[in-house]
Structures are given as C-alpha cells and as structure tokens.
Amino acid sequence: MEINDSPIDPINLILRSSSYTKSNDLSHTKFNLTFDLYQPIKAYDNADIYISLDSFQFTNSFYTINENNCIFCYKLDTSLVTTTLLTYGNYDIDSLLVLLNTTFLNTFVFTYSEITMKITIASTTYFKLIDNGINKNIYELLGFNDLGTTTFSLSCTSQYIINLMSVQQLQITTDLNLDSISLKGSTHYNVLNTIQVTSKPQEVQTFKNNTMFKYRLNDKVINSITLTVLNQDYLPINFNNIDWFASILFTFSYKKTFIPTNNYLSVDNDSQMQYELMREERRHFLEEIERYKKNI
C-alpha cells in the first residue's frame with residue numbers, strides 16, 4: 001500500500017549518467033556513478049525515509065562478447081594451457097562462428113546446429129576446455145559448463161544451447177542502506193529494482209515502476225547517492241558511453257509502533273489447542289450452572 005501519511009513533500013531525483021559527480025570505475029563505462037545532491041535529504045526524528053526506483057531508461061548498447069565473457073582457455077594434449085582474449089563486439093551466430101574459426105584457425109573448427117542450437121568444437125589434436133579461475137570465460141555463451149570439459153577429446157558438443165544475450169538483467173543497486181534481506185550464503189546488495197532486458201541491440205527500453213513498493217532507508221542524512229548497474233551475475237555492465245536516465249523517489253512516513261498479537265491468538269498449534277480446550281470447558285461449566293438454576 002502507499003505510505004504517505006506525513007506533510008513532508010516527496011522528493012523526485014532525476015539522474016542522467018553523464019551528469020555524475022564522480023565515476024567510480026577506471027574504464028568509465030557508466031556502471032558505477034556518484035551524484036552529489038545540491039542539498040541533503042534529512043529524516044526527522046519521528047519519520048522514516050522511503051526510497052524506490054520510479055523509472056529507468058537505457059539503450060541496449062551491450063556487447064555480446066564483453067569484459068565478463070571474453071576468455072577462451074584450453075589445453076591441447078600435453079601442451080601448456082593457452083588463454084585467448086576474444087574481440088569485444090555484438091555478434092549473431094554467423095558472425096560469432098566467423099570470429100571463432102578465424103581466431104582459432106588451424107586449431108579448432110566451430111560448427112552450429114540450428115536444430116539443437118548447440119555448438120560443436122572439433123580438432124585434430126586431443127583437447128579440453130579449461131576454467132582459468134577468473135570466471136570471465138565464454139563457455140556459458142557457447143552452452144558449455146563454466147568449468148569447461150572434464151576429459152580430452154577430438155570433439156565436444158555443448159551441453160546446453162547457446163545464449164547470445166549476455167546481459168539479461170539490470171540490477172540497479174545503490175550505496176544507500178536499504179532495510180532489506182538477501183538469500184542465505186549470498187552477498188548482500190542494496191538492489192533498488194531488477195529490470196529484465198527485452199530490447200534488441202540499439203533499441204531504447206524504458207522501465208516504469210508500477211508497484212507501490214518502497215524500501216525504508218536506514219540512512220538519516222543523504223548528501224549523495226551512488227548507483228551501480230550490474231548484470232544478472234552482479235558483474236559490471238559496459239554501456240559503451242551511451243547515457244542512461246533514472247528517477248529516484250523519496251517519500252516520508254511517520255514511524256509506527258509495533259503492537260504484538262495476543263498470545264491466545266497465536267498460530268502456534270499447542271497454544272491454539274489449549275485455547276480451544278479452555279473455551280470448551282467454560283461452555284460446559286456455564287451449561288451446568290444453567291441446569292442447576294432450573295432445578296432449584
């Protein structure tokens with residue numbers, strides 16, 4: 001439900017990626033930016049600040065092969081491990097096969113089945129794909145396990161279908177301290193919202209928050225806000241210098257007092273059973289009194 005029970009006016013913060021105060025990544029890919037506010041946003045002692053990502057607009061300018069999946073690592077028979085850095089770019093399956101077969105000329109032959117949508121790699125020398133431990137290999141894109149292959153062979157076909165959509169989601173995170181929870185055993189991120197990428201390359205996509213959900217902020221004074229845009233694996237996204245636009249909404253609500261439920265109304269089975277037994281005993285007691293009165 002909408003929380004708007006205080007006379008404090010809401011604040012709508014409009015951000016454009018090129019208007020940042022500080023870029024927090026050396027490559028300046030516009031995925032991690034800090035914006036200083038003209039004046040601070042402050043919480044009153046009797047009110048909380050709530051935040052939501054109201055809208056986000058971006059251009060699908062993400063490369064198929066990028067900083068997160070550009071490594072092809074393999075070992076030929078008894079030779080040393082070879083690591084090859086693939087050329088960044090936006091590829092369909094045909095141009096990807098041209099890139100791979102050109103890059104690994106006289107070493108591998110890459111073919112693709114339109115029926116199974118899987119890649120087959122063949123060689124005249126026994127080989128296997130190796131995980132280099134950096135987690136930036138191309139195996140998931142090609143349909144192979146992230147750890148590569150387990151045995152040497154002259155040919156191997158991917159276990160899964162190809163996935164040329166390297167960026168499937170945008171995780172819009174912030175440095176502000178959201179009152180939120182994360183999954184057990186996972187890294188906690190302050191995620192304002194998740195956007196599923198549905199646009200084609202070079203198309204503009206607009207996200208509009210149609211829910212009324214907001215996060216309560218644990219910060220009492222906000223002088224700046226940092227937005228970090230990550231992919232589905234929480235890895236940095238390269239916007240290739242194309243601007244994105246965001247609208248951040250701050251609202252204020254009076255603090256509420258939590259009133260615990262009555263113990264007799266507990267959903268605990270034992271307590272509920274005891275309560276029902278007490279009700280039944282009282283009913284029998286009252287019936288006995290009524291019968292006694294009638295016999296007097």
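Taking THR82 as meeting all but one of (1) at pLDDT below 95; (2) buried (at least 16 other Cβ atoms within 10 Å of the Cβ); (3) assigned by TED's automatic domain parsing to the domain that holds THR149; (4) not aromatic (Phe, Trp, Tyr), write down the number of the exception.
(2)
List the residue pairs whose Cβ atoms are under 8 Å apart, where the first residue sits in the range 198-212 and is closer than 13 Å to LEU249 by Cβ, the second is exposed (fewer than 11 other Cβ atoms within 10 Å of the Cβ), and the two are 6 or more positions apart or on different chains.
Sorted first by the residue in the range 198-212, then by its partner, the pairs are MET212/MET1; MET212/GLU2.
Looking only at the range 236-257, which residues are within 30 Å of TYR88 (Cα to Cα) and either at pLDDT 95 or above or part of a loop (DSSP other than H, G, I, E, B) (or both)? Steps first, please.
Filtering the range 236-257 down to residues within 30 Å of TYR88 (Cα to Cα) leaves 236-246.
Listed by number, the residues that qualify are ILE237, ASN238, PHE239, ASN240, ASN241, ILE242, ASP243, TRP244, PHE245, ALA246.
So is THR157 farther than 25 Å from THR194 by Cβ, among the polar types (S, T, N, Q) and at pLDDT below 95 or not? Quick ask: steps written out before the conclusion?
Numbers: farther than 25 Å from THR194 by Cβ: yes; among the polar types (S, T, N, Q): yes; at pLDDT below 95: no.
So THR157 fails the test.
Which of the residues that make up the range 24-39 are part of a strand (DSSP E or B), more than 21 Å from the chain's Cα centre (by Cα) and of a type in the set (S, T, N, Q)? Reasoning before the result, please.
Residues of the range 24-39 part of a strand (DSSP E or B): 32-39.
So of that shortlist, the ones also more than 21 Å from the chain's Cα centre (by Cα) come out as 35-39.
If the condition is that a residue be part of a strand (DSSP E or B), more than 21 Å from the chain's Cα centre (by Cα) and of a type in the set (S, T, N, Q), then GLN39 is the only one that fits.
Of the residues ASP131, ASP92, ASP77, ASP146, only one is at pLDDT below 95, under 30 Å from GLN196 (Cβ atoms), more than 23 Å from the chain's Cα centre (by Cα) and not assigned by TED's automatic domain parsing to the domain that holds TRP244; which?
Numbers: ASP92 fails: at pLDDT below 95; ASP77 fails: under 30 Å from GLN196 (Cβ atoms); ASP146 fails: more than 23 Å from the chain's Cα centre (by Cα).
That would be ASP131, the only listed residue that is at pLDDT below 95, under 30 Å from GLN196 (Cβ atoms), more than 23 Å from the chain's Cα centre (by Cα) and not assigned by TED's automatic domain parsing to the domain that holds TRP244.
Would you pick out the residues in the range 110-144 that are closer than 19 Å to ILE93 by Cβ, of a type in the set (Val, Ile, Thr), touching a residue at least 24 places away in the same chain (Cβ under 8 Å) and in a loop (DSSP other than H, G, I, E, B)?
THR116, ILE138
Looking for whichever is surrounded by 15 or more Cβ atoms within 10 Å (Cβ to Cβ) and of a type in the set (Lys, Arg) here; the options are LYS22, LYS42, LYS30. Which one fits?
Numbers: LYS22 fails: surrounded by 15 or more Cβ atoms within 10 Å (Cβ to Cβ); LYS42 fails: surrounded by 15 or more Cβ atoms within 10 Å (Cβ to Cβ).
Result of the check over LYS22, LYS42, LYS30: LYS30.
I need the full set of residues from the range 71-81 which are on the phi < 0 side of the Ramachandran plot and touching a strand residue (DSSP E or B) at 6+ places or on another chain (Cβ under 6 Å), in order please. Can you show your working first?
Here is the first cut: in the range 71-81, the residues on the phi < 0 side of the Ramachandran plot are 71-76, 78-81.
If the condition is that a residue be on the phi < 0 side of the Ramachandran plot and touching a strand residue (DSSP E or B) at 6+ places or on another chain (Cβ under 6 Å), then ILE71, PHE72, CYS73, TYR74, LYS75, LEU76, VAL81 are the ones that fit.
When you check PHE56 against the structure, is it in contact (Cβ under 8 Å) with a residue 24 or more places away in the chain and either assigned to a strand (DSSP E or B) or surrounded by fewer than 17 Cβ atoms within 10 Å (Cβ to Cβ) (or both), yes or no?
On the way: in contact (Cβ under 8 Å) with a residue 24 or more places away in the chain: yes; either assigned to a strand (DSSP E or B) or surrounded by fewer than 17 Cβ atoms within 10 Å (Cβ to Cβ) (or both): yes.
So PHE56 fits the description; yes.
Return the pairs, sorted by first residue and then second, in which the second residue is of a type in the set (Asp, Glu), the first residue lies in the range 173-184 and is assigned by TED's automatic domain parsing to the domain that holds LEU230, the beta carbons are less than 6 Å apart, and the residues are 6+ apart or on different chains.
These pairs meet every condition: LEU176/ASP219; ASN177/ASP219.
For the range 1-42, which positions are of a type in the set (Gly, Ala, Ser) and within 17 Å of VAL229 (Cα to Cα)?
Step one: list which residues in the range 1-42 are of a type in the set (Gly, Ala, Ser), which gives 6, 17-19, 23, 27.
Those that are of a type in the set (Gly, Ala, Ser) and within 17 Å of VAL229 (Cα to Cα): SER17, SER18, SER19, SER23, SER27.
Before we move on, is LYS214 more than 15 Å from the chain's Cα centre (by Cα) and farther than 29 Å from THR111 by Cβ?
Working: more than 15 Å from the chain's Cα centre (by Cα): yes; farther than 29 Å from THR111 by Cβ: yes.
Against the criterion (more than 15 Å from the chain's Cα centre (by Cα) and farther than 29 Å from THR111 by Cβ), LYS214 qualifies.
Hey, can you tell me all the residues within the range 59-98 that are free of Cβ contacts under 8 Å to residues at least 40 places away in the same chain and either out of contact with any helix residue (DSSP H, G or I) (no Cβ under 8 Å at 6 or more places or on another chain) or not β-branched (Val, Ile, Thr) (or both)?
Within the range 59-98, THR78, SER79, LEU80, THR82, LEU85, TYR88, GLY89, ASP94, SER95, LEU97, VAL98 qualify.
List every residue pair whose Cβ atoms sit under 9 Å apart, with the two residues 6 or more apart in sequence or on different chains, where the first one lies in the range 3-29 and is in contact (Cβ under 8 Å) with a residue 40 or more places away in the chain and the second, anywhere, is in a strand (DSSP E or B) and exposed (fewer than 12 other Cβ atoms within 10 Å of the Cβ).
From residues that are in contact (Cβ under 8 Å) with a residue 40 or more places away in the chain, the pairs are THR21/ASP36.
The values are calculated or read from the model by the stated rules, or taken from the named source; none is laboratory data. These figures come from a predicted structure and were not determined experimentally. Reconstructed Cβ throughout: ideal geometry from the backbone, glycine too, with neighbour counts over all protein chains shown.
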